[in-house]
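The values are calculated or read from the model by the stated rules, or taken from the named source; none is laboratory data. Here the structure is a predicted model, which means the values were calculated and not measured. Reconstructed Cβ throughout: ideal geometry from the backbone, glycine too, with neighbour counts over all protein chains shown. What goes into the accessible areas is simple: the full protein's heavy atoms, side chains included, and nothing from ligands, DNA or RNA. Shrake-Rupley method; radii C 1.70, N 1.55, O 1.52, S 1.80 Å.
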Amino acid sequence: MTKEEAKHKIAQLTEELNVHNYSYYVLDEPTISDYHFDMFMEELQKLEEQFPELAHDDSPTKRVGGEITKNFKTVKHKYPMLSLSNSYSKEDIEDFETRIKKLVENELEYICELKYDGVAIGISYKNGKLERAVTRGDGVQGDDITTNVKTIRSIPLQLNGDDYPEEFEIRGEIFYPKTVFKELNKEREEIGEDLYANARNTASGTLKMQDSAVVAQRRLDSYLYFVLGENLPFKNHYDSIQKAGEWGFKVPVEGKNYIKKCTTIDEIFEFINYWDKERNSLNFEIDGVVIKVNSYARQEEIGFTAKSPKWAIAYKFKAEKVATKLLEITYQVGRTGAITPVANLEPVLLAGTMVKRASLHNADQIEKLDIRVNDTVFVEKGGEIIPKIVGVETQQRDIFSKPTEYIKNCPECNTELIRSEGDAKHYCPNEWGCPPQIKGKMQHFISRKAMNIDGLGEETIDLLYEKGLVKNSADLYELKFDDLLELESFKEKKSQNIIEGLAVSKQIPFERVLYAIGIRYVGETVAKKLARHFKTIDKLKDATFEELIAADEIGDKIAESIMHFFTIEQNVKTVERLRNQGLKFELSEEQIANSTTKLEGLAFVVSGVFSKFSRDELKHTIEQNGGKVSSSISKKTSYIVAGENMGPSKLKKAQDLGVEIIDENQFLEMI
Ligand code: IVH
């Protein structure tokens, strides 16, 4: 393909992908299959690798992230990011209107919107391109998290049409859709990490992650609700927001009743009551409704207090709370042996779902609430996913009732529980003899991101375990076709699939095997870092604490957990058996051939376009040789690898700090 043809094809694919991206992520109405979308994306990626000089900064391929931010820059907001005053009743809203009516004479139109429970963000655009995204911070200044925000699919990198202002800022909230948050927690459960309790706090944490490639996988979403700028081409808030929808932003639309024009308090209350009832049907969290004066001219007349606009108010829903009876406290044993006490309740309707159980977290929580069987308890659903018990009615308690005694032995295997200092939870230490722990280990081993064994699922593992066919992951590789065929509902095809799936899984690379064996706190990313650093399971096993924490991103907690893992004989044996069965416990020759420690201790910034590498290849090469890549130049930067068209501001900063600039040939010599 000639360069001219490639340019044409890239433009065509970009346009196509942007349109589908918009339908899928903004309108929620997919127009092509995931498969075709991926094919187009792959084609574009390949062309951009082949012709790096034709790759745009705002190409849809950039959504996968990759830039690392060590320290987020603090920047001042052009317009302070204010908050809203709150209201809780019809009287509060009436007072709000009375206050406003004293300031303006004209009839007023209000806009009612949902109050999204997410992380506030201000995004600036210049000539239709996303320029910068900043968190609220203290309202005056916030953190520049542009690299991470650019990975969020519902936020446009390049606007549609040509009638947007040359420069403007748009504000809104970033959040986890409920379904995505649930899945995220399911993955955490698989690696034995504590679950995230609160979607908003988790979204906020995700946005401050250093590696934008991880953020890209997290599927955050957004709603935008406020356009700011000088000489905006509209006279009111509603028109601005609807227009922003045409430019490509995800904005509330009337069709879904997410936004409504009102003129009376009764109409406002109709909207409030509707969503107070219906909010559970949304796939995102809201915690109230926001009421805004529509006309910009009236907004200006009404003005601001120091903290918030006087032309808008938030109405907060009450957290739903119900009373019910505690029937029993049971104890669950997780994959890692962690014990979670669960309150079994008389079923009661809360926030649209029938609640029968609530988490009691740990022994301290039970003691603090002094909760006892047969008590009347209050259950609340706040921002947290699992309903919680917020109080106990002690007045009506039977005089003979006794404080709850926490269990001392495992409810599954009767082993005495342990509780380490500083740990809130009790654990069952019988890792290899306690059924839920045994099954849990195997379920993790076969899961999608670990060995991903075709044909095997959680239920099959349960069945194989119950039938006494497997007790650990190495047993799986000794399963015979005939053993499987004998099981209920197992036909030839199904059995054959499993046997083949197991054989194929022997090709899975070391880092995923390392993740699969289930060392506590070793998730996917950590497993990758460990594999790259130690190269073989033997070196990892023999590493001292100091050697472990010297590896990139490995802290005390992970290091201790790795050392503990290898002190348990069963673990060592299982690893040995898996190795003999042909699983990969070291990096492949190809992986090793390409990796050295030549750049250890050096930090690189990559800028411009290269002829021998794509930018991602160059970054990957630096990391494979032990170097670090960061996105911004600082005193700690050792070298800047500069290609064509290095940005002038980067050049100046490099010169100011005296950082050495090298080209790709000099870099190649270094390695
Ligand atoms: S308008 C100057 N609209 O709630 C007015 N804010 O508790 C700017 N929020 O600061 C805010 N949904 O972070 C507005 N539809 C909505 C909102 C919304 C959520 C957030 C926002 C605000 C906070 C106030």
Inset, instruction - Using the Kirkwood radius over Cα pairs, work out the Stokes-Einstein diffusion coefficient for the stretch 1-155 at 4 °C and 1.567 mPa s, in µm²/s as a whole number. - result: 67
Legend entry - Per residue accessible area of the chain, 1.4 Å probe, in Å²: 52
Legend entry - FRET efficiency, 1/(1 + (r/R0)^6) with R0 35 Å, evaluated for S588 and N201 via beta carbons: 0.30
Inset, instruction - Take peptides 514-527, 333-346 and line them up by average Cβ neighbours within 10 Å, highest first, as a rough protection proxy. - result: 514-527, 333-346
Legend entry - Gap separating the Cα centres of the stretch 106-179 and the stretch 340-395, nearest whole Å: 38
Inset, instruction - Could you grab the relative contact order for the chain? Cα pairs under 8 Å, six or more apart, rounded to a whole percent. - result: 10
Legend entry - Alpha carbon centroid spacing (whole Å) that separates the stretch 503-519 from the stretch 1-75: 31
Inset, instruction - Using only the Cα atoms, work out Rg/Rh for the stretch 443-524, with Rh taken as the Kirkwood radius, to two decimals. - result: 0.97
Legend entry - Pairs from K449/K635; K186/K388; K126/K650; K494/K541 whose Cα-Cα separation, in the structure shown, is over 27 Å: K449/K635; K494/K541
Legend entry - Average Cα contact separation per residue, the stretch 241-360, under 8 Å, 6 or more apart, as relative contact order %: 14
Inset, instruction - Counting other Cβ atoms within 10 Å, keep those with at most 10, restrict to DSSP loop, and tell me which trypsin sites (Lys or Arg not before Pro) in the stretch 190-287 are left. - result: none
Legend entry - Estimated FRET transfer efficiency (F317, T264; beta-carbon r; R0 30 Å; 0.05): 0.90
Inset, instruction - Return the Rg/Rh value of the stretch 224-329, two decimal places, where both radii are evaluated on C-alpha atoms and Rh is the Kirkwood radius. - result: 1.07
Inset, instruction - Taking 7 Å along the Cα-to-C-beta vector as the label spot, tell me the K541-H56 distance in nanometres, rounded to one decimal. - result: 5.3
Legend entry - Extension gain, L82 back to L27 (0.36 nm per residue minus Cα-Cα distance, nm): 16.9 nm
Inset, instruction - Could you check how much of the accessible area of the chain is carbon and sulfur, as a whole percent, using a 1.4 Å probe? - result: 48
Inset, instruction - Note down the net charge around M1, summing +1 for each Lys or Arg and -1 for each Asp or Glu among other residues with Cβ under 15 Å from its Cβ. - result: -2
Inset, instruction - Per DSSP H run of n ≥ 4, the term is -39500 (n - 2.57); total these for the chain, divide by its residue number, and report the mean residue ellipticity at 222 nm rounded to 500 deg cm²/dmol. - result: -10500 deg cm²/dmol
Inset, instruction - Report the GluC sites (Glu not before Pro) located in the stretch 1-110 that are in a DSSP loop and have at most 13 other Cβ atoms inside 10 Å of their Cβ, or state none. - result: E105, E107
Legend entry - Qualifying chymotrypsin sites (Phe, Trp or Tyr not before Pro) in the stretch 28-116, DSSP loop, other Cβ atoms within 10 Å at most 14: Y88
Legend entry - Zone residues, the stretch 423-452, relative to Q581, backbone N less than 20 Å from point 7 Å out along Cα-to-Cβ: 431-452
Legend entry - Residue-span extension gain [T353 to I386] - 0.36 nm each, minus C-alpha spacing: 10.7 nm
Legend entry - Relative contact order (percent, whole number), the stretch 494-573, Cα cutoff 8 Å, 6+ residue spacing: 25
Legend entry - Viscosity 0.692 mPa s, 37 °C: Kirkwood-radius Stokes-Einstein D of the chain over Cα pairs, µm²/s: 114
